[in-house]
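Undergrad: First the structure, then my questions, so here it is.
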Amino acid sequence: MKKKVMQYKKLWICVLNGVFAVSAAGCGNTNGLREEQNVSVAENTPSAGIQEEMSDKNEATDDTEENTGKAGMLSEEEEVRLLAAKVRHYYGGILSQIIAAWQLPDGELDTSALGNGLGEMSDNRFAVTDIDGDGREELIVSYSNACMAGMFERIYDYDPVSGELKTEFSQFPALTYYDNGIIKAEWSHNQGYGDFWPFTLYRYEPESDSYVDVGSVNTWDKKYKEEWDEGQPFPDGLDTDGDGTLYRICKEGEPFSYGYEDFKYDQADYDEWISGFTEGAEEISIDYEPMAYESFADFTTDYLKLIAKEAGKERTDTASDLGLFILNNDDKHFLDASKELLTQRYGMSIEQPDPDFEEYSAALADGKERFSFTALDSGDLSYMGEKVKDVTIFGIYPGISVDGAWEKLKAYGFYASPYGETENCLITGEGFGNVSIWFDAQEGKVTTITVRPFCAFAG
C-alpha cells in the first residue's frame, strides 16, 4: 500500500502548538481561562485559532517582551520530523496512562490478573509503526497478562490536526499483519472440529481509517467427528479431494452462521479464497517493546527538544533559560543545574531559610529571594519578584505581560491545563517527561512563576 508521506506536509501547521486533550494533576481547575486556550478533554480537539496562530510564526518579530521566539517556515524535512515526533509524544501519554494508572484512553483495563501472579505490566508489549500504510504511525498495544477473555491487541491512531484518537482495531492478541492492509486474527479458542485453527480476516479501509471484517474460516475434520450435533453425517460428497476435511468460509457480506450445511468447501476452495487476500503480500515483522517507561522515555523529550529548538531560533538568551534545564538534564538534576548557573554566572548566593525544611532552598540577589527550590518528588523551581538580568523560564520572567507569557509558552508546546487550580496554568502533555508551569499575575503582569516536571498519572 502506497504511503502518503506528503500528508505530513499538509498537517504540520498545528505541530508547534503542542495541543493535546489531557487531564492534569497539580495545577487544578482552569475556570476563567480565555476561550481560545480551552482544550476539549472528550474530543481531543485543538484550541481555537490554531491555524491563525501558526501563520504568525512566519512573520518577523522584534526582540521585545512580546517576541515569542517563533522562527520562520520550517524545511520540509523539519516539518515531517516534528509532526512525527508530536504523534509519538501523544502515544507516550497513552503508554504512561497504561503503566501508571492501568487505564486505556478509551476505558479501564481489567488489571485483576496482575494481582493474581500472572506477571508484571512490563510483560505486556507495544509498538509504534505505520501498520496501516497511511503515512502516519499508529500505536499497537498488546495486552496479554490477563485471563483469555481479558487479552487484546489494539491499534490506536492519533490525528494531530483534528486532535482525534480512534481505535482502528481490537482483537485477541494472535495476529498476523500483512503489508497490503490485511490482518489475520486467530480466534482465542478453536471452536471447530479440526486441527485447523480458525481465524478472521480484516482489511484496512483508508476512507474510514479502520479495519473491516472480510471473512472467517474454520474446519470440520471427519476423523474427529463423523456426525454433526444434529446427527447429520459428514458430507463425503462435498469432500472432493478426499482428505476428510471441509471448510466453513463466511465470506465478506455474508451473515455469520455455524450450521451443518455451512461446511461445504474443500481445500481448493479455501486456497482460492485465502489467496485473494494474501497472494503477493508479505508478513510484517512488528518490533514490539516491553510495556515499560524505559521503552518510550524518549518520545516526549525528543518532541519537546524539537519544539524548543524551533522556539529558540530567534532568542539570544537560551543559555540562561532555567526551564530548558528540565529538557536537558542528562548530567544533573534541573534544580542543581539552575543553582550552578545562578551562583557561577550571576553571583547569587544559595541559602536554606528554614533549617527544619532541608528540601527547600533559595537563591538571593541583593538580599532578596528571587528563586526558590523545592527538592520533593521531581522538584519544582519558582522565580519571583522581578527579572534578574537575562534569566528566564521558557522565555518568561516576572514583569512580562500575561499575554506575552502565554505566547512564549505556546511556542514551547505548552497549552492550558484543563484541571489547573490557577488561571494561568499550562502543561506540555499528560505523560511522563512533560512539564507543568503556572504563574501569578497582578495588573496584567506576571509576578511569580513555578515550573516542574509533570505527569498527570504519577504521584
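Undergrad: Based on the Cβ-Cβ distance of GLN352 and GLN103, what FRET efficiency does E = 1/(1 + (r/R0)^6) give at R0 = 51 Å, to the nearest 0.05?
TA: 0.80
Undergrad: Mind putting a number on the dipole of segment 352-459 about its Cα centre? Charges go on the C-beta only, +1 for Lys and Arg and -1 for Asp and Glu, and I need it in Debye to the nearest 20.
TA: Result for segment 352-459 is approximately 460 debye, rounded to the nearest 20.
Undergrad: So if each residue of separation counts as 0.36 nm, and I subtract the Cα-Cα distance between HIS333 and ASP213, what length gain in nm does that give?
TA: Stretched out fully, the HIS333 to ASP213 stretch lengthens by 38.1 nm.
Undergrad: Test of understanding: what is the full-extension gain from ASP243 to LEU376, defined as 0.36 nm times their sequence separation minus their Cα-Cα distance?
TA: 40.8 nm
Undergrad: With a ≥ b ≥ c taken as the square roots of the eigenvalues of the C-alpha gyration tensor of segment 319-369, please select rounded if a/c is under 1.5 and otherwise prolate if a/b is larger than b/c or oblate if it is not?
TA: oblate
Undergrad: Accessible area per residue of segment 207-266 at 1.4 Å probe, in Å²?
TA: Per residue, segment 207-266 has an accessible area of 54 Å².
Undergrad: Here's something else I'd like to know. Can you put HIS189, HIS89 in order of accessible area, largest first, using a 1.4 Å probe?
TA: HIS189, HIS89
Undergrad: Still on this model: Taking all pairs of different Cα atoms in segment 330-396, averaging 1/r and flipping that mean, what Kirkwood radius in angstroms comes out?
TA: 12.4 Å
Undergrad: Note the full-extension length gain between LYS166 and SER285 as 0.36 nm times their separation in residues minus their Cα-Cα distance, in nm to one decimal.
TA: 40.5 nm
Undergrad: Provide, in order from the shortest bin, the percent of all Cα-Cα pairs of segment 160-241 in each 10 Å bin, continuing until the bin that contains the maximum pair distance.
TA: Going out from 0 Å in 10 Å bins, segment 160-241 shows 15, 34, 25, 17, 6, 3 percent.
Undergrad: Okay, next question. May I ask for the Kirkwood hydrodynamic radius of segment 292-349, worked out over all distinct Cα pairs and given in angstroms to one decimal?
TA: Computed over Cα pairs of segment 292-349, the Kirkwood hydrodynamic radius comes out at 12.8 Å.
Undergrad: If you don't mind, another one. How far is it, in nm, from the label point at SER122 to the one at GLU230 when both lie 7 Å from their Cα along the line to the Cβ?
TA: Each label point lies 7 Å from its Cα, and together they span 5.5 nm.
Undergrad: About the Cα centre, and with charges only on the beta carbon of Lys, Arg (+1) and Asp, Glu (-1), how big is the dipole of segment 259-321? Nearest 20 debye, please.
TA: 700 debye
Undergrad: Let me check I've understood the local charge: for GLU283, count other residues with C-beta under 11 angstrom from its C-beta, Lys and Arg +1, Asp and Glu -1. What total comes out?
TA: -1
Undergrad: While we're on this one: For segment 216-364, what relative contact order do you get, as a whole percent, if you take Cα pairs closer than 8 Å and at least 6 residues apart?
TA: 12 percent
Undergrad: Leaving out ligands, DNA and RNA, and with a 1.4 Å probe, what % of the accessible surface on segment 207-321 is carbon or sulfur?
TA: Looking at segment 207-321 in its full context, I get 46 percent from C and S.
Undergrad: Here's something else I'd like to know. Modelling each spin label as a point 7 Å along the Cα-to-Cβ direction, I'd like the GLN191/ALA174 distance in nm, to one decimal.
TA: In this crude label model, GLN191 to ALA174 measures out at 1.3 nm.
Undergrad: Just going by the charge dipole of segment 355-427, with Lys and Arg at +1 and Asp and Glu at -1 on Cβ, which of ASN424, LEU376, ILE400 is farthest out on the positive end?
TA: Result: ILE400.
Undergrad: So who's got an amide H within less than 5 Å of the one on ASP321, skipping anything under 5 residues away but keeping other chains? H placed 1.01 Å off N, in plane.
TA: Amide H neighbours of ASP321, under 5 Å, 5+ apart: THR392.
Undergrad: Let me know the shape class of segment 326-459, please: from the alpha-carbon gyration tensor, a ≥ b ≥ c as square roots of the eigenvalues, rounded when a/c is under 1.5, otherwise prolate if a/b is greater than b/c, or oblate.
TA: Taking the square roots of the gyration eigenvalues as a ≥ b ≥ c, segment 326-459 is oblate.
Undergrad: Relative contact order (percent) for segment 116-203, with alpha-carbon contacts under 8 angstrom and 6 or more residues of separation?
TA: Computed value for segment 116-203: 18 percent relative contact order.
Undergrad: I'd like the Karplus ³J(HN,Hα) series for segment 441-446: coefficients 6.51, -1.76, 1.60, θ = phi - 60°, whole numbers in Hz, and an x wherever there's a Gly or Pro.
TA: For segment 441-446, the Karplus-derived couplings read 8, 9, 6, x, 10, 6 Hz, x marking Gly and Pro.
Undergrad: Here's another thing I want to ask about it. For PHE126, enumerate residues with amide H under 5 Å from its amide H, sequence gap 5+ or separate chain, H modeled in the peptide plane.
TA: Counting only residues 5 or more places away or on other chains, the set is SER142, GLU289, MET291.
Undergrad: Heavy-atom accessible area of LYS309 with all protein chains present, probe 1.4 Å, nearest 10 Å²?
TA: Surface accessible to solvent at LYS309 totals approximately 130 Å².
Undergrad: Are there chymotrypsin sites (Phe, Trp or Tyr not before Pro) in segment 348-447 that DSSP puts in a loop and that have at most 11 other Cβ atoms within 10 Å, and which ones?
TA: Hits after loop and neighbour filter: PHE357.
Undergrad: Let me ask something else about it. With +1 on the Cβ of every Lys and Arg and -1 on the Cβ of every Asp and Glu, and nothing else charged, how large is the dipole of segment 181-263 about its Cα centre, in debye rounded to the nearest 20?
TA: 200 debye
The values are calculated or read from the model by the stated rules, or taken from the named source; none is laboratory data. What you are looking at is a predicted structure, and each value in this text was computed from that prediction instead of being measured. Here Cβ is always computed from backbone atoms with ideal geometry, including for glycine, and neighbour counts include all displayed protein chains. These accessible areas exclude ligands, DNA and RNA; they are computed on the full protein's heavy atoms, side chains included. Shrake-Rupley method; radii C 1.70, N 1.55, O 1.52, S 1.80 Å.
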